[in-house]
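Remarks on the structure that follows.
The values are calculated or read from the model by the stated rules, or taken from the named source; none is laboratory data. Quantities reported herein were computed from a predicted structural model and do not represent experimental measurements. All Cβ positions, even for glycine, are placed from backbone atoms using ideal geometry, and neighbour counts span all protein chains on display. Ligands, DNA and RNA are excluded from the accessible area calculation, which covers all protein heavy atoms including side chains. Shrake-Rupley method; radii C 1.70, N 1.55, O 1.52, S 1.80 Å.
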Amino acid sequence: QVQLVESGGGLVQAGGSLRLSCAASRRTFGNFFVAWFRQAPGKERELVASISWSGNSPNYADSVKGRFTISGDNSKNTVYLQMNSLKPEDTAVYYCTTGPIATRLAHLYNYWGQGTQVTVSS
């Protein structure tokens, strides 16, 4: 069992920045991936970015490319999502998850955090 704890969400004005953190309770399998999803009210959960726990193969949704950066600190079992140039449409609950493949299909991930709210005001 792996527990994931997200932090770093909050309220920010459009154009601002936030950094989300996802801390795992223990080291996961080396070939696992970690991803950030987000879910806005009335919308489906969507993939934002993913990366391997070893820091390879970063991948981004088109809507966040050039604005968000996913990175990891393997020594701390922590993955970060740096979010710059935030827009009101980025407002959502952001979830951290991990699983054996990097996919946009949320049901294929094994473990999920509780989520952290990000609100971007216009």
In the range 104-115, which residues are among the hydroxyl-bearing types (Ser, Thr, Tyr) and open to solvent by 20 Å² or more (accessible area, probe 1.4 Å)? Tyr111
Can you list residue pairs whose Cβ atoms sit under 7 Å apart, with the first residue in the range 1-29 being farther than 14 Å from Gln117 by Cα and the second being assigned to a loop (DSSP other than H, G, I, E, B) and charged (D, E, K, R)? Count only pairs 6 or more apart in sequence or on different chains. Val2/Arg26; Ala14/Lys87
Scanning the range 1-13 for residues that are assigned to a loop (DSSP other than H, G, I, E, B) and under 17 Å from the mean Cα position of the chain (by Cα), which turns out surrounded by the most Cβ atoms within 10 Å (Cβ to Cβ)? Gly9
Has the range 68-79 got any residue that is in contact (Cβ under 8 Å) with a residue 40 or more places away in the chain and basic (Lys, Arg)? yes
Could you figure out which of (1) surrounded by fewer than 18 Cβ atoms within 10 Å (Cβ to Cβ); (2) acidic (Asp, Glu); (3) at pLDDT 95 or above isn't true of Asp73? (3)
Pairs with Cβ under 6 Å, 6+ apart, first in the range 85-97 and without any contact (Cβ under 8 Å) to a residue 60 or more places away in the chain, second among the β-branched types (Val, Ile, Thr): Asp90/Val120; Thr91/Thr119; Thr91/Val120
Name, by its number, the condition in (1) open to solvent by less than 10 Å² (accessible area, probe 1.4 Å); (2) more than 19 Å from Ala40 (Cα to Cα) that does not hold for Tyr94. (2)
Can you confirm whether the range 36-43 contains a residue that is buried (at least 18 other Cβ atoms within 10 Å of the Cβ) and either without any contact (Cβ under 8 Å) to a residue 12 or more places away in the chain or more than 11 Å from the chain's Cα centre (by Cα) (or both)? no
Quick check on my filter: what residues within the range 50-62 are without any contact (Cβ under 8 Å) to a residue 24 or more places away in the chain and over 13 Å from the mean Cα position of the chain (by Cα)? Gly55, Asn56, Asp62
